Amino acid sequence: MGLGMGLIRLLFFIFTFIVWLFGLAIIGVTIWMAVDQHYFQDLLGTETFELMMYTLLACGAIICLVGFFGCCGALRESKCLLGTYFTCVLIIIILQCVIFILALIYHETIMWFMDDFLQQSMDFYYGYYHAHTRGWDELQRDYKCCGSRTYEDWETSRWYLSDQTQHQAVPRACCQLDTDYPACTRGTIKANNPDMLWPEGCLTTMVDWLQYNLEVIAGLALAIAAVELCSIIFACCLYQSIEKEASYV
């Protein structure tokens, strides 16, 4: 193998290693969510949360395995492994493009679904189910938010309309300062002390965070796509080189 193809193989290793790291990052984020972000499990429910975690773990493991196939294919000069790598990465790129396009087309529907899901959780489960209650309290405390879109969302909840509130308009986690409790939660929704509460809802806060970091997220997505594209181009080059060398033998 000449100097040019040796350089291509080196670059292929580098790009394939980055693809492998991408899969490892997905696994790491999934483990972090499972260990540290308990409110996702509390709000989504155990079955839905576990399904999401297993799906993400499977995606991360598959990408790591694909990266392993690529490295082995280059080391062993195996056309079969390189062809498998090319096909798998191409499928991953297509799936990523499909997900991105669907997210752009249906972003309003996704927002509506998330808002409806959070509102349903507030309306029917907070104060009655420990997991949902703990999940909302941790979510509001960590993200410095109150309700789904605004603190007034609590007005339609069973918790607010029942006797469990003990004359509270919103949960304690909505207070900006813990020292303001119980003054920050007293009264009704309309006669509350909104200056003492987190001004934005949790869905609004998360969307604002995504919009604020949109350039970084888009840059990472493009960088990952570019790395994947380069890796399959180099895989093709290596495949052709191995085929040519085999024809000379």
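The values are calculated or read from the model by the stated rules, or taken from the named source; none is laboratory data. These figures come from a predicted structure and were not determined experimentally. Methodologically, a virtual Cβ is constructed for each residue, glycine included, from the backbone with ideal geometry; neighbour enumeration extends over all protein chains shown. Side chains are part of the model used for accessible areas, which takes the heavy atoms of the whole protein and leaves out ligands, DNA and RNA. Shrake-Rupley method; radii C 1.70, N 1.55, O 1.52, S 1.80 Å.
Does residue 138 count as of a type in the set (Asp, Glu) and free of Cβ contacts under 8 Å to residues at least 40 places away in the same chain?
no
Residues in region 157-167: is at least one of a type in the set (A, V, I, L, M, F, W, C), under 30 Å from residue 230 (Cα atoms) and surrounded by 14 or more Cβ atoms within 10 Å (Cβ to Cβ)? Outline the logic, then answer.
Kept after step one, since they are of a type in the set (A, V, I, L, M, F, W, C), are these residues of region 157-167: 159, 161.
Next, only the ones that are under 30 Å from residue 230 (Cα atoms) stay: none.
Looking through region 157-167, none of the residues is of a type in the set (A, V, I, L, M, F, W, C), under 30 Å from residue 230 (Cα atoms) and surrounded by 14 or more Cβ atoms within 10 Å (Cβ to Cβ).
Any residue in region 144-164 that's outside any loop (DSSP other than H, G, I, E, B): show its pairings with residues that are among the basic types (Lys, Arg) at Cβ separation under 9 Å, as long as the two are six or more apart or on different chains.
Here the result reads 152/190; 155/190; 164/158, each pair linking region 144-164 to a residue that is among the basic types (Lys, Arg).
Look through region 89-113, keep the residues that are closer than 24 Å to residue 151 by Cα and of a type in the set (Val, Ile, Thr), and return whichever of them is surrounded by the most Cβ atoms within 10 Å (Cβ to Cβ).
Among those that are closer than 24 Å to residue 151 by Cα and of a type in the set (Val, Ile, Thr), it is 110.
Let me confirm something: among 153, 142, 116, which residue is of a type outside the set (Lys, Arg), out of contact with any strand residue (DSSP E or B) (no Cβ under 9 Å at 6 or more places or on another chain) and surrounded by 15 or more Cβ atoms within 10 Å (Cβ to Cβ)?
One residue alone meets the criteria, 153.
Cβ-Cβ under 9 Å, sequence separation 6+ or interchain: first residue in region 7-35 and touching a residue at least 12 places away in the same chain (Cβ under 8 Å) and open to solvent by 30 Å² or more (accessible area, probe 1.4 Å), partner assigned to a helix (DSSP H, G or I) and among the hydroxyl-bearing types (Ser, Thr, Tyr). Which pairs?
Every condition considered, the pairs that remain are 8/241; 9/241; 11/231; 15/231; 18/231.
May I ask you to say which residue of 126, 85 is outside any helix (DSSP H, G or I) and open to solvent by less than 60 Å² (accessible area, probe 1.4 Å)? Let's see the steps before the verdict.
Numbers: 85 fails: outside any helix (DSSP H, G or I).
After ruling out the rest, the residue left standing is 126.
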